[in-house]
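To start, the structure itself, in structure tokens.
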Amino acid sequence: MRPIALALAAWFGVLLAAWGARADGLTPAEADRLARAETVVRTESIERNGRRYVGGVAYAILDTSPADLEALLVNDEAWRRIMPKARSACRVGTEGGDALVEMTHGTPLLQATYTIRVRREAHNVRFWLDPRRPHDIEDAWGFLRAVPRPDGRTLVTYGVLIDMGPGLLRDLFEERVRAVALTVPDRVRDLLLERSATSVRASR
């Protein structure tokens with residue numbers, strides 16, 4: 001890994017860890033929204049070393065356990081369902097115990113493909129773009145963290161930063177991409193509800 005990539009990895013590791021700890025610093029209004037099963041979103045824009053990243057962090061409380069959530073996320077089809085505008089998600093290999101997943105997002109007219117490296121840790125999934133493989137965006141980093149609550153539910157924290165690279169794609173779609181990127185906790189909730197409804201129907 002190049003020195004600049006190592007520096008960025010260390011910097012994002014600190015930043016994303018800080019994001020994950022922010023749940024304790026939510027305002028009373030944000031905490032009330034979480035308790036009402038709403039999603040709390042905080043956006044972020046960062047410019048560093050000539051790069052521009054947009055994204056943020058989203059919090060949601062889901063009616064599931066961290067173990068059940070982790071079991072869901074080992075499935076490539078689940079990744080396709082929870083990642084916004086994803087047309088496909090295909091595991092293309094492993095490296096150092098990490099999964100390599102090729103993602104394609106977009107519409108029939110405009111698509112972006114890249115490969116992310118997915119690392120699973122205790123109640124935590126981290127991912128970042130693999131720059132050695134073809135990629136239609138410049139860079140991406142993120143995580144999804146699941147923390148059990150005393151009431152049996154799970155606090156999910158999702159953070160992401162995306163550098164779309166200079167040019168027309170950034171000019172036209174950067175804000176739209178940021179907005180949909182932070183809907184992941186809502187998409188996880190919808191998928192869990194769908195799985196639960198399917199299980200209920202199957203048991204009848």
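None of the figures in this text is laboratory data; all of them are computed from the coordinates on show. Treat the numbers as computed from the prediction; the structure is a model and nothing was measured. A quick note on method: Cβ atoms are made from the backbone with ideal geometry, for glycine too, and the neighbour counts reach across all protein chains shown.
Local charge for residue 52 was computed over the other residues whose Cβ lies under 13 Å away, with Lys and Arg +1 and Asp and Glu -1, and equals -4. Relative contact order for segment 125-204: 21 percent, from Cα pairs under 8 Å spaced at least 6 residues apart, divided by residue count.
First measure r as the distance between the Cβ atoms of residue 196 and residue 171, then evaluate 1/(1 + (r/R0)^6) with R0 = 30 Å and state the FRET efficiency to the nearest 0.05. Could the numbers behind the result be given before it?
Values: r = 41 Å, r/R0 = 1.37.
Here the calculated transfer efficiency is 0.15.
Here 182, 26 are placed in order of increasing Cβ neighbour count within 10 Å, fewest first, which gives 26, 182.
Look at 43, 115 and count the other Cβ atoms within 10 Å of each Cβ; fewest to most, that gives 43, 115.
Apply 1/(1 + (r/R0)^6) to the Cβ-Cβ distance of residue 92 and residue 63, taking R0 = 35 Å, and write down the FRET efficiency to the nearest 0.05. Please list the in-between numbers first.
Working: r = 33 Å, r/R0 = 0.94.
The value I calculate is 0.60.
Return the label of the correct value of semi-axes √(5λ) of the Cα gyration tensor in Å, as calculated from the structure shown, out of (1) 27, 21, 17; (2) 61, 17, 14; (3) 34, 18, 16. This structure yields the entry labelled (1). Going from the fewest other Cβ atoms within 10 Å to the most, the residues 162, 137 appear in the order 137, 162.
For segment 98-137, trypsin sites (Lys or Arg not before Pro) are listed when DSSP marks them as loop and at most 12 other Cβ atoms sit within 10 Å of their Cβ; the list is 132.
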